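Comments concern the structure below.
None of the figures in this text is laboratory data; all of them are computed from the coordinates on show. As the structure is a prediction and not an experimental result, all values here were calculated from the model. Glycine gets a Cβ as well: all are built from the backbone with ideal geometry, and neighbour counts include every protein chain shown.
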C-alpha cells in the first residue's frame, strides 16, 4: 500500500479547480446515480480519461456491505438491515488528480455486493465476484467482535498480489457499544500490513464521508496499474539484443 497522498492529491475535492469535474457527479445537494452504461459527460475541450475497476465487498452478514456501497455512491442509506439475496452492483465515479504531472482521471468503481447466505447456497456466485476483481474490501463491524475475528480467514483467501486489499471498519460511530479496540486494530495492521479505514454515522454532504475510502482505492488501484504496466513492458535480458 502506498502512503496516502503520494500518488493523488488527497484533498483535491476541496479545491476550486476540481469543481468542474465534481459537478458532473453531483445533482442538486447529492450525488448522481449512474447506471451500468452511464458516465459523466465533460465538455469537448476538457480531456479526461476514465479508468474502470471491479471491487468486491467481503464480510459477514450484517456488517454493512450494502450500506457502504450506498455511502460511497452517495445514495440513501438503508434504514433497516436486509440480507442481500444475490449479487448487487453499484457504480461509483470519482475524479482524482495525479500528483505527478497533474493529470485528471475519472475512476469508475463497480462495487460487487453479495449476501453471505447466497454465497453459501450457490457455489457459482463467489467465483463470479472474484473473477477479474481489481480490489477487495474486507468489512468488519466495530460492534461485532466475530466479524473482526473473521478477517484473518477472509484475507487468507485472497493471495493474489495484484488485487488491492483494504479493510473497512463499519459502525465506528457506535463507540459506546464497541467490541473492537484500537489496540486490536493496530495489531491487525501490523500483522497483515493492510490499511484499516473507518466509516459510520449519517452522511453529511456526500463527498467528505466517502473521500477517504474512494481516494485510498483510487490511489492504490492506479499505483497497482502502473506497477503491472512496468512489469509487462520491461524487457528481459534475453529480449535485449545489441546491434553493432
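Please work out if residue 85 is surrounded by fewer than 17 Cβ atoms within 10 Å (Cβ to Cβ) and in a loop (DSSP other than H, G, I, E, B).
On the way: surrounded by fewer than 17 Cβ atoms within 10 Å (Cβ to Cβ): yes; in a loop (DSSP other than H, G, I, E, B): yes.
Yes; evaluated as a whole, the condition is true for this residue.
Since residue 123 meets every condition but one in (1) over 20 Å from residue 81 (Cβ atoms); (2) under 19 Å from the mean Cα position of the chain (by Cα), which condition does it not meet?
So the condition that residue 123 fails would be (2).
Is it the case that the stretch 48-66 has a residue that's crowded, with 19+ Cβ neighbours inside 10 Å, touching a strand residue (DSSP E or B) at 6+ places or on another chain (Cβ under 6 Å) and without any contact (Cβ under 8 Å) to a residue 60 or more places away in the chain?
Checked against the condition, which is being crowded, with 19+ Cβ neighbours inside 10 Å, touching a strand residue (DSSP E or B) at 6+ places or on another chain (Cβ under 6 Å) and without any contact (Cβ under 8 Å) to a residue 60 or more places away in the chain, the stretch 48-66 yields at least one hit.
This table checks each residue for (1) free of Cβ contacts under 8 Å to residues at least 24 places away in the same chain; (2) surrounded by 15 or more Cβ atoms within 10 Å (Cβ to Cβ).
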{"position": "1", "(1), (2)": "no, no"}
{"position": "36", "(1), (2)": "no, no"}
{"position": "44", "(1), (2)": "yes, no"}
{"position": "72", "(1), (2)": "no, yes"}
